[in-house]
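Structure, as C-alpha cells:
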Amino acid sequence: MRRMSTVIDVDLSRSFDTIRHSVLLEKIAKRIQDPQVMGLVKQIIEAGGSVGVPQGGPFSPLAANIYLNELDWFFDAIRRKTAEGGFEAVNDHRFADDLVITVSGHHTRRGWAERALQRLQEQIAPLGVELNLEKTKMVNTLNGEAFGFLGFDLRRVGKQSGDGHLTLMTPKKKARKAVKAKVRDIIARGGATPAADLVKRINATLAFSAREK
C-alpha cells in the first residue's frame with residue numbers, strides 16, 4: 001500500500017438499476033451460443049423490468065461482473081503499460097459494482113489519479129453507468145485515510161511493536177449492524193434450543209456474512 005498510496009474510492013450510481021439489457025445480452029452472447037441458455041438469461045434479466053437487474057438477486061453480481069468486465073481489461077492494459085519492473089503505477093480492483101482504483105503516490109505520478117478517474121468516466125459512459133460524485137473520493141493512505149471495499153474500511157496504520165505499517169480492515173458500520181440484527185434474531189427465535197446449537201448457528205451466520213463481503 002506504501003507505493004500505491006492513492007486510492008480512488010469509487011461509488012457507481014445505481015449501477016444495478018442502469019444495466020442495459022441489450023448490452024448485457026450482447027456481451028453474454030460473445031461466449032454463449034446456446035439459444036436455450038440465452039433465452040433463459042433473457043427471461044431472468046427482463047423479469048424485473050425493461051432495464052436493470054434487481055439488486056440482491058443471485059444473478060445480479062454475475063450480471064454486473066459481465067457488464068463491467070471490459071472496464072477491468074481496459075485498466076489492466078494501463079497497468080501493464082505503466083508498470084516498471086515489479087512495481088505497478090495504476091490498477092483497479094472490482095467485484096460487481098464495488099470498485100477501487102489504486103495509483104502510485106510517487107511524485108513522478110502526480111496527476112495520474114485524476115486522469116485515471118477521467119478514463120473511468122469515459123469507459124462507463126457508453127454503458128449508461130455514472131459516478132456518484134458526492135461519494136466518490138480520492139484517499140491518501142499515507143495520511144491514515146480510509147477507503148471502503150467489499151463491506152470493509154481499509155486503513156494504513158503503524159504496527160504496535162516495531163517499525164513498519166500494516167493494513168487494518170474493519171467491517172463497515174452498515175455491515176456490522178446487519179450482522180448484529182441477524183445474531184439477535186437467531187437468539188430471539190432460539191427458544192429452548194441448546195446453547196451449543198445456537199453458537200453453531202451464530203458462527204455459521206458470521207462465516208457466511210464474511211464470505212458475502
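The values are calculated or read from the model by the stated rules, or taken from the named source; none is laboratory data. None of these values were measured; they are calculated from a predicted model. Note that we place each Cβ from the backbone using ideal geometry, even for glycine, and neighbour counts take in every protein chain shown. Note: areas computed on protein heavy atoms with side chains; ligands, DNA, RNA excluded. Shrake-Rupley method; radii C 1.70, N 1.55, O 1.52, S 1.80 Å.
It is to be established whether one or more residues within region 179-200 are at pLDDT 80 or above, assigned to a helix (DSSP H, G or I) and under 21 Å from the mean Cα position of the chain (by Cα). Yes, that holds for at least one residue. Taking the stated definitions as given, is residue 62 among the aliphatic types (A, V, I, L, M) and touching a Phe, Trp or Tyr at 6+ places or on another chain (Cβ under 7 Å)? Answer is no for this residue. Of the residues making up region 137-159, none is polar (S, T, N, Q), under 18 Å from the mean Cα position of the chain (by Cα), under 25 Å from residue 97 (Cα atoms) and not in a helix (DSSP H, G or I).
Considering (1) small (Gly, Ala, Ser); (2) open to solvent by 70 Å² or more (accessible area, probe 1.4 Å); (3) part of a helix (DSSP H, G or I), the lone condition that residue 125 does not fulfil carries the number (2). Inspection of region 180-187 identifies at least one residue that is farther than 24 Å from residue 9 by Cα, surrounded by fewer than 13 Cβ atoms within 10 Å (Cβ to Cβ) and acidic (Asp, Glu).
In region 51-75, the residues that are without any contact (Cβ under 8 Å) to a residue 24 or more places away in the chain reach residues that are of a type in the set (Lys, Arg) and open to solvent by less than 50 Å² (accessible area, probe 1.4 Å) with C-beta atoms within less than 9 angstrom, at least six apart or across chains, in these pairs: 72/94.
For residue 154, the test of being under 22 Å from residue 53 (Cβ atoms), surrounded by 16 or more Cβ atoms within 10 Å (Cβ to Cβ) and not polar (S, T, N, Q) is failed.
Going through (1) assigned to a loop (DSSP other than H, G, I, E, B); (2) farther than 27 Å from residue 12 by Cα; (3) hydrophobic (A, V, I, L, M, F, W, C) one by one, residue 166 falls short only on (1).
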